[in-house]
Amino acid sequence: MSRRRQVYEGKAKVLFEGPEPGTLIQYFKDDATAFNNRKHGIITGKGVLNNRISEYFMMKLGEIGIPTHFIRRLNMREQLIREVEIIPIEVVIRNYAAGGIVKRLGLEEGQRLPRTILEYSFKSDELGDPMVAEEHITAFGWASVPEMDDIIGYSLRINDFLSGLLLGVGLKLVDFKLEFGRLWEEDDVRIVLADEISPDSCRLWDVTSGERLDKDRFRQDLGRVEEAYQEVARRLGILPEAGPRDLAGPETLQ
Ligand code: UDP
């Protein structure tokens, strides 16, 4: 890992130069942050699980025709991805009321929203990722109108597909966040799904008990954080074979 050139370090992931031009290696850390970086912590084994869970979702989405940056998983903590130009927007897809929208609109937590709601935030740590409208996105040129059409279309399809997949393993997809990028291929440029999909970026509630199986366990100090991520992987049938105690991975991969 140390021999590769680092191109970017985020809160939960590091990007390294890939083996071929146009590729990158995405390394998943155990670090967790919340509340615009004011809360920090380590969730042991999270990187290993998110690498695996995100691989699983990206592959499934690829199978239904959603273009993604994912190429293949390389090892416990790394995956090979296509280099894209990230659109500086976070897309939040909400099916049930939780988190920000509860406070903002005085909703009851857990209530089914009248329909799926998409929200956008401008990616800026400095500004605290302010919520923006589609108007801002197109007016400031962060994405064009046709690009937004793709982003919205893909987001809704991803939501339908993942909601069903997760319901099948007893999980309610309350809300989640997506990021998209521009993939340049010769003269052509197209929108693809980027970043990750994992319990870091989704709210997942057990259908029967309502138990939170996502990053809210860390945000709200609910305890059993590692176990929640493991449970999601277990239900999806993709718990790494090494077993929970070895999730930190071999020393060399840390
Ligand atoms: N989310 C995320 N990264 C962010 C903000 C939100 O992955 O920087 C996810 C979060 O895990 C949840 C959904 O997006 O599944 C909505 O989160 P929340 O209501 O807390 O967002 P807010 O409205 O506060 O931006």
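The values are calculated or read from the model by the stated rules, or taken from the named source; none is laboratory data. Just so you know, these numbers come straight off a predicted model, no measurement behind them. Every residue, glycine among them, receives a Cβ derived from its backbone with ideal geometry; neighbour counts consider all protein chains shown. When the accessible area is computed, the model is the full protein with side chains, heavy atoms only, and any ligands, DNA or RNA have been set aside. Shrake-Rupley method; radii C 1.70, N 1.55, O 1.52, S 1.80 Å.
Inside region 134-171, can you point out the residues that are under 26 Å from residue 233 (Cβ atoms), among the aliphatic types (A, V, I, L, M) and open to solvent by less than 50 Å² (accessible area, probe 1.4 Å)?
158, 162, 165, 166, 169, 171
When you check residue 71 against the structure, is it modelled with pLDDT of 95 or more, open to solvent by 40 Å² or more (accessible area, probe 1.4 Å) and within 22 Å of residue 212 (Cα to Cα), yes or no?
When the stated conditions are applied, residue 71 does not pass them.
Report every pair of residues separated by at least 6 positions or lying on different chains whose Cβ atoms are under 7 Å apart, first residue within region 127-144 and closer than 15 Å to residue 91 by Cβ, second away from the ligand (no atom under 16 Å from the Cβ).
Pairs found: 134/148; 137/143; 137/148; 138/144; 138/145; 138/148.
Of all residues in region 145-163, which are over 30 Å from residue 207 (Cβ atoms), free of Cβ contacts under 8 Å to residues at least 60 places away in the same chain and among the acidic types (Asp, Glu)?
Of everything in region 145-163, those that are over 30 Å from residue 207 (Cβ atoms), free of Cβ contacts under 8 Å to residues at least 60 places away in the same chain and among the acidic types (Asp, Glu) turn out to be 149, 150.
Select from region 177-221 the residues that are among the aliphatic types (A, V, I, L, M) and either assigned to a loop (DSSP other than H, G, I, E, B) or within 16 Å of the ligand (Cβ to nearest atom) (or both) and list them in ascending order.
Answer for region 177-221, where residues must be among the aliphatic types (A, V, I, L, M) and either assigned to a loop (DSSP other than H, G, I, E, B) or within 16 Å of the ligand (Cβ to nearest atom) (or both): 178, 193, 194, 197, 204, 207, 213.
Would you pick out the residues in region 13-29 that are more than 16 Å from the ligand (Cβ to nearest atom), closer than 20 Å to residue 200 by Cβ and open to solvent by 20 Å² or more (accessible area, probe 1.4 Å)?
Scanning region 13-29 gives a single hit, 15.
If we keep just the residues of region 89-124 that are more than 10 Å from the ligand (Cβ to nearest atom) and acidic (Asp, Glu), which is surrounded by the fewest Cβ atoms within 10 Å (Cβ to Cβ)?
108
Does residue 115 satisfy the criteria of being in a strand (DSSP E or B) and either basic (Lys, Arg) or under 18 Å from residue 212 (Cα atoms) (or both)?
The answer is yes for residue 115.
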